[in-house]
1. Please compute the Kirkwood hydrodynamic radius over segment 54-163, one decimal place, Å, based on all pairs of different Cα atoms.
2. Taking the full set of protein chains and a 1.4 angstrom probe, give the accessible area of residue 168 in square angstrom, rounded to the nearest 10.
3. Quick one: give the max-minus-min coordinate of the C-alpha atoms of segment 109-187 along each principal axis, largest first, in Å.
4. List the pair-distance distribution P(r) of segment 129-174, using every Cα-Cα distance, as the percent of pairs falling in each 5 Å bin from 0 up to the bin containing the longest distance, rounded to whole percents.
5. Probe of 1.4 angstrom, ligands and nucleic acids ignored: what's the accessible area per residue over segment 48-175, in square angstrom?
6. Kindly report, to the nearest 10 Å², the accessible surface of residue 102 as traced by a 1.4 Å probe over protein heavy atoms only.
7. With θ taken as phi - 60° and the coefficients 6.51, -1.76 and 1.60, list the Karplus ³J(HN,Hα) couplings across segment 155-162 in order, rounded to whole Hz; mark glycine and proline as x.
8. What is the distance, in nm, between label points placed 7 Å from the Cα along the Cα-to-Cβ direction at residue 164 and at residue 79?
Amino acid sequence: MPMRIMTLVVMATLVSACGSRPQPEPVADSAQGAVADEPAPSEGLSEAVVATNAIEAPQLAPGSVDDFEINVGDRVLFETDRYDLSPEARGILENQALWLNRYPQLSATISGHADERGTREYNLALGARRAAAVRNYLIALGVAPDRLKTVSYGKERPVDPRSIADAWAANRRGVTQVEGTHAARAN
């Protein structure tokens, strides 16, 4: 019994040192009239962690569009007037290549996009170079070339139509869309 009390004291000290919330007072167990001395399973965790654990994440079908978009990431971003891949973009594309190689029955279309600034022709050409950069990197990582198509939309399909820096940054992208009989959206 003394060891259990010592353990509880140490745990309470550690929990109080890690958080600023006061410890709740022990409450009487109405069924037995005793004071509860066991901590709740979520005690000492932040409210956000408890809330996250309480919400059950939807199950994504392996090889589905949702699996690809949520677990892998379907887009990479580019700097203004650039089509070279940043280290972050390369990391996303490495994950895409692993996923695509896991599901060889699926193919993908890579679309290149630009922000609204510049002429239509310039942005179509820039979008094509961005899509080609993504495709070429995926091929270098082992994805079969015949599984990858490219298309450029230039500035014609913005994800954010506002004329501000944040919108322009979001619109400068390459998006990989998986296709095939197993790439249906999860329900």
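1. One over the average 1/r among Cα pairs gives 14.9 Å for segment 54-163.
2. Around 50 Å² of this residue is reachable by solvent.
3. 37, 32, 18
4. 5, 22, 23, 17, 14, 12, 6, 2
5. Accessible area per residue: 54 Å².
6. 150 Å²
7. 9, 6, 10, x, 7, 9, x, 5
8. 2.4 nm
The values are calculated or read from the model by the stated rules, or taken from the named source; none is laboratory data. Bear in mind that the values here come from a model prediction, so they are computed numbers and not experimental data. Positions of Cβ are generated from backbone atoms using ideal geometry, with glycine treated the same way; all protein chains shown enter the neighbour counts. Ligands, DNA and RNA are stripped out before the accessible areas are found, and what is left, the full protein with its side chains, is counted by its heavy atoms. Shrake-Rupley method; radii C 1.70, N 1.55, O 1.52, S 1.80 Å.
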